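The values are calculated or read from the model by the stated rules, or taken from the named source; none is laboratory data. Just so you know, these numbers come straight off a predicted model, no measurement behind them. No Cβ is skipped: glycine too gets one built from the backbone with ideal geometry, and neighbour counts run over all protein chains shown.
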Amino acid sequence: MPTLLTISEVSRRSGVAASALRFYEERGLIKSERAGSGHRRYPRAVLRRISFIVFAQRVGMTLDEVSEELAKLPEGRVPEGADWAALSGSWTSRIDERIALLTRLRENLTGCIGCGCLSLERCRLANPGDRAAQLGPGPRYWVDGPRRSGSRRAKK
């Protein structure tokens with residue numbers, strides 16, 4: 001297997017468009033070497049960095065945050081398992097929060113979400129007089145999770 005890959009090979013293997021790879025490179029998230037022809041050549045290890053970028057964005061990280069995280073990896077050598085483990089260890093709470101948010105969305109999509117619409121019959125029981133507005137804007141029961149006041153039972 002070649003140790004250097006073309007941009008089309010990296011795109012095909014990673015599932016990320018070549019334009020996105022060029023963008024990631026402009027942002028300093030990945031690096032390439034230039035062949036004599038001027039074409040980009042990527043070390044095979046870039047595939048893990050790209051996967052990291054893609055999944056970091058899926059858990060809600062911005063590219064600036066991804067850049068900060070990638071800057072923690074060692075320079076001058078390909079990161080090893082321990083390097084990646086140390087990096088991903090800080091993600092646990094963020095992932096747990098995201099799972100909780102998505103679980104609330106899935107479980108309460110047809111119920112009152114505390115948005116103030118009061119259009120569902122359940123809303124009049126769970127959010128009488130739009131009490132959720134006191135908690136702030138938006139769908140408060142999705143944002144804050146189950147209320148602790150007891151007027152709405154949390155699903156388990």
**Tally of residues being assigned to a helix (DSSP H, G or I) and at pLDDT 85 or above across segment 138-156** = 1
**Fill in**
Note on segment 24-39: residues part of a loop (DSSP other than H, G, I, E, B), of a type outside the set (V, I, T) and either surrounded by 12 or more Cβ atoms within 10 Å (Cβ to Cβ) or in contact with a His (Cβ under 6 Å, 6 or more places away or on another chain) (or both) are R27, L29, K31, S32, H39
**Item:** Checklist (1) at pLDDT below 95; (2) out of contact with any Asp or Glu (no Cβ under 9 Å at 6 or more places or on another chain) applied to S32, failing item
**Value:** (2)
**Request:** Can you tell me which residue within segment 123-137, out of those that are within 20 Å of L101 (Cβ to Cβ) and either surrounded by 15 or more Cβ atoms within 10 Å (Cβ to Cβ) or charged (D, E, K, R) (or both), is modelled with the lowest pLDDT?
**Result:** A126
**Prompt:** Which one of S67, S37 is small (G, A, S), modelled with pLDDT of 90 or more and under 25 Å from L5 (Cα atoms)?
**Reply:** S67
**Prompt:** Failed condition for G89, given (1) surrounded by 14 or more Cβ atoms within 10 Å (Cβ to Cβ); (2) modelled with pLDDT under 80; (3) under 24 Å from Q57 (Cβ atoms), with all others met?
**Reply:** (1)
**Message:** Looking at V59, V78, can you tell me which residue is β-branched (V, I, T), modelled with pLDDT under 85, closer than 19 Å to W142 by Cβ and outside the structural domain of G138 (by TED's automatic domain parsing)?
**Reply:** V59
**Message:** Looking at segment 1-23 only, could you name the residues that are in contact with an Asp or Glu (Cβ under 9 Å, 6 or more places away or on another chain) and either closer than 14 Å to I50 by Cβ or loosely packed, with under 14 Cβ neighbours inside 10 Å (or both)?
**Reply:** P2
